[in-house]
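One structure below.
The values are calculated or read from the model by the stated rules, or taken from the named source; none is laboratory data. Keep in mind it's a predicted model, so treat the numbers as computed, not measured. Note that we place each Cβ from the backbone using ideal geometry, even for glycine, and neighbour counts take in every protein chain shown.
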Protein chains: 4
Amino acid sequence: MLCKLLNYTPLTLASNAIRQSHDNQNLSDSMGDLIGDKDRALIDRVGNKMKHSSTLEFLNYVWEIEMSTKTLLAFTRHRIGISMTIRSTRYTTQKNKGKHQVQDTDKTKDYLKRIMDIVNEAIEDGLNNDEISLLLPQGYIYKGQIQFNARSLQHFFKLRTKSDAHFQIRELAFNLFDSLPDSHKYLFEDIINNNIKGK
Amino acid sequence: MLCKLLNYTPLTLASNAIRQSHDNQNLSDSMGDLIGDKDRALIDRVGNKMKHSSTLEFLNYVWEIEMSTKTLLAFTRHRIGISMTIRSTRYTTQKNKGKHQVQDTDKTKDYLKRIMDIVNEAIEDGLNNDEISLLLPQGYIYKGQIQFNARSLQHFFKLRTKSDAHFQIRELAFNLFDSLPDSHKYLFEDIINNNIKGK
Amino acid sequence: MLCKLLNYTPLTLASNAIRQSHDNQNLSDSMGDLIGDKDRALIDRVGNKMKHSSTLEFLNYVWEIEMSTKTLLAFTRHRIGISMTIRSTRYTTQKNKGKHQVQDTDKTKDYLKRIMDIVNEAIEDGLNNDEISLLLPQGYIYKGQIQFNARSLQHFFKLRTKSDAHFQIRELAFNLFDSLPDSHKYLFEDIINNNIKGK
Amino acid sequence: MLCKLLNYTPLTLASNAIRQSHDNQNLSDSMGDLIGDKDRALIDRVGNKMKHSSTLEFLNYVWEIEMSTKTLLAFTRHRIGISMTIRSTRYTTQKNKGKHQVQDTDKTKDYLKRIMDIVNEAIEDGLNNDEISLLLPQGYIYKGQIQFNARSLQHFFKLRTKSDAHFQIRELAFNLFDSLPDSHKYLFEDIINNNIKGK
């Protein structure tokens, strides 16, 4: 499943915000966009440990992703600090005839194949996009672009890397984490490790 | 499809907010929760015509509703001034065996029946809830509780009563409007009439 | 300082949302708006202990309040689940000549009196509202109407009843809590008690 | 007054989102971060004219700014798509003794000078930061870091470049616009020109 980081903000935007707030820019050890060790630790200390997490909102991440309808539905529950644009089945279903894909599992593969055969039959029968969309299963894959800031991403990881999360959104969460710049991962590692260890 | 208004805020909460802002509570002609004619007109004039729509945020509406998965998906695009709790298929799919319903159309009825037969077969075969959910079509009906404030509801009506909106979310929008208290409808009528007349 | 609860949602709106989600409305022991003991415990268990706090968004509280400019400024940091309408000094400063008030302390009383004398002098000298507002001290009292939902109110209490919060916003937080219906206080008590005990 | 753009997102993040949605990436004429003419026009057409303004949320702008307390107060009314970190007077008032500044006007200059003399006297008298802050006038200048996305920035410009907006927030709005990258200004020009011409 596609999960490609397209853009992200340099860490210095967060450390600069914190130093603004405390009026100690003179202590910064960053050079331009290159974060210094002190500033790096500062972000973690203030944004995470001291709970001034609003400073993490200056760090934005944008991905090109694929996800199942099941996963997309879960985003009705993530409304803050997130932006997304999803391929509309209202305009592309007939057009992409024969290219529709699903995210399945060993146990659901055959059922999903039979369902997609019915979907493709309806496409052949000339139903319009708005009608066909009613037939698409929740395993159906959407493509799109998504943006989190570091604060909303922490919240997403906290809920969605838990062992009791649905396995598809959990997979998305881990893919998002893996595709982050290595230098940013320290902001999220504790959250994920706590969840893996069963909190 | 179920669309039952459970609770709403008296209009006086909006008129009182406006009179606070302008410091002219002495001009209010409301009695307790009973809105007066002047206050009623004031809400429309300030909230709608003068664009101080933040005063409309004090009016909240809560419904018990049913909607298709297709409609629920659209709520990933409505994130402000909305709260919702939706029945989780993760906990209820096996439990509600034989009671699953879809919102169909003349042209999709047969296809959807065949798809739901496959879903029910998978339920019989003992697939777990997280797997079965991948098979559910976008016509599948969810039940839940939803809240809008008058400002976000205006926005929802503006986008979703348009003639080019998907027919199912359009139906939901009209049902929400119809179930509003008559005395509140004047806040939304112009928006809907403009859309019906093709803007 | 004025802090008067104008309106609130019955607890049953939250318990009904939770029972919708779990599909066990048959277990509800509420009668109309009158919350039952089981439903009451359910809200606390699911909304607080199990962290499904989105169900608390159905509970809205509206107050008429007074607060200092200092306190109002802090609301630039509370943006989710809050609505407010504040008396505009842009329209009311000249009009309310002689009625402007400040929230002071023993140590600031004299300084604030001298500053307000200067403000009143400028009003007498005919400066317009937009200019006069630049002179108003942060002790100056605004009047307005504010709305929280139970989720955002929990967050507000968590941050603003701490012993290291500014004493004026702390006072507001305690006043908001005290003016809640007794039957709703259990949703917030633990948060406040933890802060009083120094967490 | 300081208004320095620190960071912004390439326009291609918006055009890529739109092309994702319409599934026509093959029509893109951008090269890496370098926006092409077609993509540039697409953002305007879809984001502005066709009202799919959610695609503008992928464009973020971060500034280091100074603004008066009066202006900062107005941000209690801008809650969506905005992040800010402001220097805290709770920690810096005593520390910055003698360096406090105000944004004044010809008519308020003398009054503000007299008020700041009282503030400085209170600082000398040893009042603590939380007390001194109650004395600070709304002309007092705060420093901080602020982020808008293109959608929320359009909304801000629409309200705050109007001729009847307070002159200080209007000045901020024009400064924000002037400091945008030239290639991004076309997203905001119509809004501002409409306001200048009196709508």
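Within the stretch A:67-79, at least one residue is under 30 Å from D:W63 (Cβ atoms), assigned to a helix (DSSP H, G or I) and within 10 Å of another protein chain (Cβ to nearest Cβ).
The set of residues in the stretch A:143-186 that are under 17 Å from A:T105 (Cα atoms) and among the aromatic types (F, W, Y) contains only A:F167. Here C:D33 does not fit the description of being more than 14 Å from chain B (Cβ to nearest Cβ), acidic (D, E) and more than 30 Å from C:N129 (Cα to Cα).
Residue under question is A:I196, and the condition is that it be modelled with pLDDT under 95 and β-branched (V, I, T); does it hold? Taking the combined requirement at face value, the residue satisfies it. Does A:T108 satisfy being buried (at least 18 other Cβ atoms within 10 Å of the Cβ), touching a helix residue (DSSP H, G or I) at 6+ places or on another chain (Cβ under 6 Å) and modelled with pLDDT under 95? For A:T108, the condition - buried (at least 18 other Cβ atoms within 10 Å of the Cβ), touching a helix residue (DSSP H, G or I) at 6+ places or on another chain (Cβ under 6 Å) and modelled with pLDDT under 95 - is not met.
Considered as a group, the residues in the stretch D:93-142 that are over 22 Å from the mean Cα position of the chain (by Cα) and of a type in the set (S, T, Y) include one that is farthest from C:T105 (Cα to Cα), and that residue is D:T108.
Quick check on the stretch B:3-25. Is at least one of its residues free of Cβ contacts under 8 Å to residues at least 12 places away in the same chain and hydrophobic (A, V, I, L, M, F, W, C)? No: the stretch B:3-25 contains no residue that is free of Cβ contacts under 8 Å to residues at least 12 places away in the same chain and hydrophobic (A, V, I, L, M, F, W, C). Would you mind stating whether D:K49 is under 28 Å from C:A165 (Cα atoms) and of a type in the set (D, E, K, R)? Here the answer is no, as D:K49 does not meet what is asked. Looking only at the stretch C:83-99, which residues are farther than 30 Å from C:E57 by Cβ and either facing another protein chain (nearest Cβ under 9 Å) or crowded, with 18+ Cβ neighbours inside 10 Å (or both)? Residues satisfying the conditions are C:T89, C:R90, C:Y91, C:T92, C:T93, C:K95, C:N96.
Scanning the stretch C:47-66 for residues that are farther than 30 Å from C:K143 by Cβ, touching a helix residue (DSSP H, G or I) at 6+ places or on another chain (Cβ under 6 Å) and facing another protein chain (nearest Cβ under 10 Å) gives C:H52, C:T55.
Within the option set D:T89, D:T85, D:T76, being touching a strand residue (DSSP E or B) at 6+ places or on another chain (Cβ under 9 Å), under 30 Å from D:E131 (Cβ atoms), without any contact (Cβ under 8 Å) to a residue 40 or more places away in the chain and of a type in the set (S, T, Y) holds for one residue only, D:T76.
Against the numbered list (1) without any contact (Cβ under 8 Å) to a residue 60 or more places away in the chain; (2) farther than 28 Å from C:D23 by Cα; (3) away from chain C (no Cβ under 11 Å), B:D44 comes up short only at (1).
So for the stretch C:60-72 (the condition being over 25 Å from D:A74 (Cα atoms) and in contact with a Ser or Thr (Cβ under 8 Å, 6 or more places away or on another chain)), does at least one residue qualify? Scanning the stretch C:60-72, I find no residue that is over 25 Å from D:A74 (Cα atoms) and in contact with a Ser or Thr (Cβ under 8 Å, 6 or more places away or on another chain), so the answer is no. In the set (1) farther than 21 Å from C:I141 by Cβ; (2) within 8 Å of another protein chain (Cβ to nearest Cβ), the condition left unmet by D:D125 is number (2).
Can you find a residue in the stretch A:1-18 that is in contact with a helix residue (DSSP H, G or I) (Cβ under 8 Å, 6 or more places away or on another chain), away from chain D (no Cβ under 12 Å) and at pLDDT 95 or above? Within the stretch A:1-18, one or more residues are in contact with a helix residue (DSSP H, G or I) (Cβ under 8 Å, 6 or more places away or on another chain), away from chain D (no Cβ under 12 Å) and at pLDDT 95 or above.
For the residues A:F177, A:F148, the requirement of being hydrophobic (A, V, I, L, M, F, W, C), part of a helix (DSSP H, G or I) and touching a helix residue (DSSP H, G or I) at 6+ places or on another chain (Cβ under 7 Å) singles out A:F177. For the stretch A:16-50, a residue qualifies if it is under 30 Å from A:T85 (Cβ atoms), part of a helix (DSSP H, G or I) and not hydrophobic (A, V, I, L, M, F, W, C), and the qualifying residues are A:N16, A:G47, A:N48. You will find that of C:I35, C:I18, the residue that is more than 30 Å from C:M116 (Cβ to Cβ), out of contact with any strand residue (DSSP E or B) (no Cβ under 9 Å at 6 or more places or on another chain) and crowded, with 19+ Cβ neighbours inside 10 Å is C:I35 and no other.
Scan the stretch C:144-199 for residues that are free of Cβ contacts under 8 Å to residues at least 60 places away in the same chain, small (G, A, S) and surrounded by 16 or more Cβ atoms within 10 Å (Cβ to Cβ) and the total you get is 2. If the condition is being in contact with a His (Cβ under 9 Å, 6 or more places away or on another chain), within 8 Å of chain D (Cβ to nearest Cβ) and either surrounded by fewer than 22 Cβ atoms within 10 Å (Cβ to Cβ) or assigned to a helix (DSSP H, G or I) (or both), then the stretch C:128-143 contributes C:D130, C:S133. If the condition is being of a type in the set (V, I, T) and within 27 Å of A:E64 (Cα to Cα), then the stretch A:1-47 contributes A:T9, A:T12, A:I35, A:I43. Taking the conditions (1) in contact (Cβ under 8 Å) with a residue 24 or more places away in the chain; (2) in contact with a Gly (Cβ under 8 Å, 6 or more places away or on another chain) in turn, A:L135 satisfies each one other than (1). Residues of the stretch D:86-123 that are charged (D, E, K, R) and either assigned to a loop (DSSP other than H, G, I, E, B) or more than 19 Å from D:M1 (Cα to Cα) (or both): D:R87, D:R90, D:K95, D:K97, D:K99, D:D104, D:D106, D:K107, D:D110, D:R114, D:D117, D:E121.
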